[in-house]
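Everything below concerns the one structure shown next.
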Amino acid sequence: KQLGRHGYTVFNHELRADQADQLAMEAELRRALDETDQLIPHYQPFIDAHTGQLAGFEALVRWQHPMRGLISPSIFLPIAEESGLIMRLDRYMIQAACAQLRQWLDAERVGEDIALHINLSSANLHDADLVDWLRQLIAQYALRPGMLHLEITETALIDVPDIAATVMRELHELGLRLALDDFGTGYSALSYLHRYRFDVLKIDQSFVFDVDRKEESAAIVRAILALADALSLEVVAEGVETLSQLQRLRAMGCDKVQGYYFSHPATARDIDWAQLAAI
Ligand code: C2E
Ligand code: CA
Ligand code: CA
Ligand code: CA
């Protein structure tokens, strides 16, 4: 079956409904985590909207399944979360991303001011051992802790208010930075900003999508930017696909932008450094 460069197989839709197949996939995911070469970190850059300079990367997992092909996280993350495998998966991605960052630093591909964003599911906020594990990892790869940003979605915080607060405070004490992902799509975005200390807001792509064509979306983005400014939070706008969106965001004072307009997520090997430098 011919897949586009970034395409996923289509039959996965039927798969979701099929419980037996879900169980099979859970077993396969467990195996993939043991063998590891099937789970492939991809990296998508984000860019300083004003200077065009590379500001950082977000690590995004892909599953290269031996039979099913390349599987999107939206298919297997729910299975990983239900089965608890997500904790191993996230640790695998964090470890891989830290090793990758060390390699880029050594090769002088990136400077010490680079940000590496990694997604963290809520289950990890129950893991009392996470902070110590991260401390060791940071030491192992001799990373400046502030380079690592953990992205947490609003929905991840719903079930774990107290534990989350403790873990997030410890992560900050360790020097890591926290990003609130998909900002504006949950029910209590504002109360989370009030309750927890975040460093970065990621404006959800649903607002970026028609920011250049629809006054309502532009108004929401403007309000988020004003809020972020008042709270001294950095902002990354996600899902930037066109020059027109970029220009609109830049004119509004948005700091950082991420999306297919600049680059699709790619394996470390496929990253086009020359193209990034030319932005
Ligand atoms: P997310 O964190 O909101 O990541 C952004 C998603 O938008 C990614 O989908 C990315 O490939 C896609 N994207 C990037 N630029 C554009 C664009 O210009 N237009 C559009 N339409 N989409 C764009 P992806 O990689 O399929 O990941 C889906 C979600 O899965 C992520 O959403 C994140 O919540 C989760 N995820 C991915 N990797 C991991 C991981 O290692 N751990 C955890 N816990 N979650 C992950
Ligand atoms: Ca994210
Ligand atoms: Ca997001
Ligand atoms: Ca999302």
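The values are calculated or read from the model by the stated rules, or taken from the named source; none is laboratory data. Computed from a prediction, not measured in an experiment: that's the story for all the values here. Reconstructed Cβ throughout: ideal geometry from the backbone, glycine too, with neighbour counts over all protein chains shown.
Observations on the structure shown:
- Residue under evaluation Ala156, criteria (1) assigned to a helix (DSSP H, G or I); (2) more than 16 Å from ligand 2 (Cβ to nearest atom), criterion not met: (2)
- Only one of the numbered conditions (1) surrounded by 15 or more Cβ atoms within 10 Å (Cβ to Cβ); (2) closer than 22 Å to Glu241 by Cβ; (3) more than 16 Å from ligand 2 (Cβ to nearest atom) is not met by Glu151, and that is (3).
- In segment 199-211, the residues that are of a type in the set (Phe, Trp, Tyr) form Cβ pairs under 8 Å with partners that are near ligand 3 (Cβ under 9 Å from one of its atoms), at six or more places apart or across chains, as follows: Phe209/Gly239.
- Matching entry among Ile75, Ile40, Ile138, Ile79 (being at negative phi, over 14 Å from the mean Cα position of the chain (by Cα) and not in a helix (DSSP H, G or I)): Ile40
- Hits in segment 232-272 (condition: hydroxyl-bearing (Ser, Thr, Tyr) and surrounded by fewer than 18 Cβ atoms within 10 Å (Cβ to Cβ)): Ser232, Thr242, Ser244, Tyr260, Tyr261, Thr267
- Residue in segment 239-258 that is closer than 19 Å to Val61 by Cα, out of contact with any helix residue (DSSP H, G or I) (no Cβ under 6 Å at 6 or more places or on another chain), modelled with pLDDT of 95 or more and within 16 Å of ligand 2 (Cβ to nearest atom) present: yes
- Qualifying positions in segment 172-197 - in contact with a Lys or Arg (Cβ under 8 Å, 6 or more places away or on another chain) and either over 13 Å from Leu150 (Cα atoms) or within 16 Å of ligand 4 (Cβ to nearest atom) (or both): Ala179, Leu180, Asp181, Asp182, Phe183
- Of all the residues in segment 172-220, those that are within 12 Å of ligand 1 (Cβ to nearest atom) and outside any loop (DSSP other than H, G, I, E, B) number 10.
- Residue count for segment 51-72 under the criterion of being among the β-branched types (Val, Ile, Thr) and either within 17 Å of Tyr92 (Cβ to Cβ) or within 16 Å of ligand 2 (Cβ to nearest atom) (or both): the result is 2.
- Any hit, segment 226-247, residues being within 12 Å of ligand 1 (Cβ to nearest atom), under 19 Å from the mean Cα position of the chain (by Cα), outside any helix (DSSP H, G or I) and at positive phi: yes
- Residues that are within 22 Å of Ala219 (Cβ to Cβ), over 17 Å from the mean Cα position of the chain (by Cα) and of a type in the set (Val, Ile, Thr) within segment 248-279 are absent altogether.
- Candidate set from segment 188-231 (those that are touching a helix residue (DSSP H, G or I) at 6+ places or on another chain (Cβ under 9 Å) and among the hydroxyl-bearing types (Ser, Thr, Tyr)); member that is surrounded by the most Cβ atoms within 10 Å (Cβ to Cβ): Tyr192
- Selection within segment 51-90 - among the small types (Gly, Ala, Ser), buried (at least 22 other Cβ atoms within 10 Å of the Cβ) and within 12 Å of Arg30 (Cα to Cα): Ala80
- Restricting attention to segment 113-134, the residues that are in a helix (DSSP H, G or I), within 15 Å of ligand 1 (Cβ to nearest atom) and surrounded by 15 or more Cβ atoms within 10 Å (Cβ to Cβ) total 6.
- Residue within segment 208-220 that is of a type in the set (A, V, I, L, M, F, W, C), touching a Gly at 6+ places or on another chain (Cβ under 6 Å) and within 15 Å of ligand 3 (Cβ to nearest atom) present: yes
- Evaluation of Val208 against (1) farther than 17 Å from Gln44 by Cβ; (2) touching a strand residue (DSSP E or B) at 6+ places or on another chain (Cβ under 7 Å); (3) within 16 Å of ligand 2 (Cβ to nearest atom) (one fails), failing number: (1)
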